[in-house]
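Everything on this sheet refers to the single structure shown next.
The values are calculated or read from the model by the stated rules, or taken from the named source; none is laboratory data. Note that the coordinates shown come from a computational prediction; the quantities given were computed from them, not determined experimentally. Every residue, glycine as well, gets a Cβ built from its backbone with ideal geometry; the counts of neighbours run over all protein chains shown.
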Amino acid sequence: MSHHQATIHWQCDDGDFLAHRYSRAHVWRFDGGAEVRASSSPQVVPLPMSDAAAVDPEEAFVASLASCHMLWFLDIAARGGFRVRSYEDAAVGVMAKNAQGRTAITQVTLRPRVAFDAAAQPSREALDALHHEAHAKCFLAASVLTAVVIEPAYD
């Protein structure tokens, strides 16, 4: 078992807290020392109470799933002898009502585009198998109710 830590810090500004007119901007601090400016999404809490330039929890959720998939994909590809040169994913999360009528991120679609060495280019079937195994091994995909769909780009 391993533990992973994040510290969230928010400080009340001069806004009217009881009227919900206060900044949602805050900071995420991670155990390795990284700090990330965070906020509610302007789609959830309007500007100026949100910071559009900061990462919102929904974006972080989508990025976390995409990152987990990528890290497993790279490991599995290397073990299979496929040299990956680049990996890019234009992941998208959909927020909608779930089966219980609650607002949730109901689906995350990963759209990875992977470039390999020409000498070790996997077949389409092998590429699908790599993505399937990466999805099956991703800790985060195994931890959520959200549907995670993989739509790899085939060049």
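Going through (1) touching a strand residue (DSSP E or B) at 6+ places or on another chain (Cβ under 9 Å); (2) charged (D, E, K, R); (3) not assigned by TED's automatic domain parsing to the domain that holds Thr7 one by one, Asp51 falls short only on (3).
Go through segment 84-113 and give me each residue that's of a type in the set (A, V, I, L, M), surrounded by 13 or more Cβ atoms within 10 Å (Cβ to Cβ) and within 30 Å of Gln43 (Cα to Cα). So that I can check it myself, show each step before the final result.
First, pick out the residues of segment 84-113 that are of a type in the set (A, V, I, L, M): 84, 90-92, 94-96, 99, 104-105, 108, 110.
If we keep only those that are surrounded by 13 or more Cβ atoms within 10 Å (Cβ to Cβ) too, we end up with 84, 91-92, 94-95, 104-105, 108, 110.
Of everything in segment 84-113, those that are of a type in the set (A, V, I, L, M), surrounded by 13 or more Cβ atoms within 10 Å (Cβ to Cβ) and within 30 Å of Gln43 (Cα to Cα) turn out to be Ala91, Val92, Val94, Met95, Ala104, Ile105, Val108, Leu110.
Among the residues making up segment 66-109, those that are of a type in the set (D, E, K, R) and not in a loop (DSSP other than H, G, I, E, B) are Asp75, Arg79, Arg85, Glu88, Asp89, Lys97. Just to be sure, is Gln100 outside the structural domain of Ala141 (by TED's automatic domain parsing), polar (S, T, N, Q) and farther than 26 Å from Asp155 by Cβ? Here the answer is no, as Gln100 does not meet what is asked.
So, in segment 65-103, exactly how many residues are on the phi > 0 side of the Ramachandran plot and under 18 Å from the mean Cα position of the chain (by Cα)?
Here the count works out to 0.
When you look at Phe116, is it surrounded by 16 or more Cβ atoms within 10 Å (Cβ to Cβ), touching a residue at least 40 places away in the same chain (Cβ under 8 Å) and not assigned by TED's automatic domain parsing to the domain that holds Gln43, yes or no? Before you say what the answer is, go through the steps one by one.
Numbers: surrounded by 16 or more Cβ atoms within 10 Å (Cβ to Cβ): yes; touching a residue at least 40 places away in the same chain (Cβ under 8 Å): no; not assigned by TED's automatic domain parsing to the domain that holds Gln43: yes.
Judged against the criteria, Phe116 is not a match.
Could you check, for segment 123-144, whether at least one of its residues is in the same structural domain as Gly80 (by TED's automatic domain parsing), more than 16 Å from the chain's Cα centre (by Cα) and assigned to a loop (DSSP other than H, G, I, E, B)? Yes; the residues of segment 123-144 include at least one that is in the same structural domain as Gly80 (by TED's automatic domain parsing), more than 16 Å from the chain's Cα centre (by Cα) and assigned to a loop (DSSP other than H, G, I, E, B).
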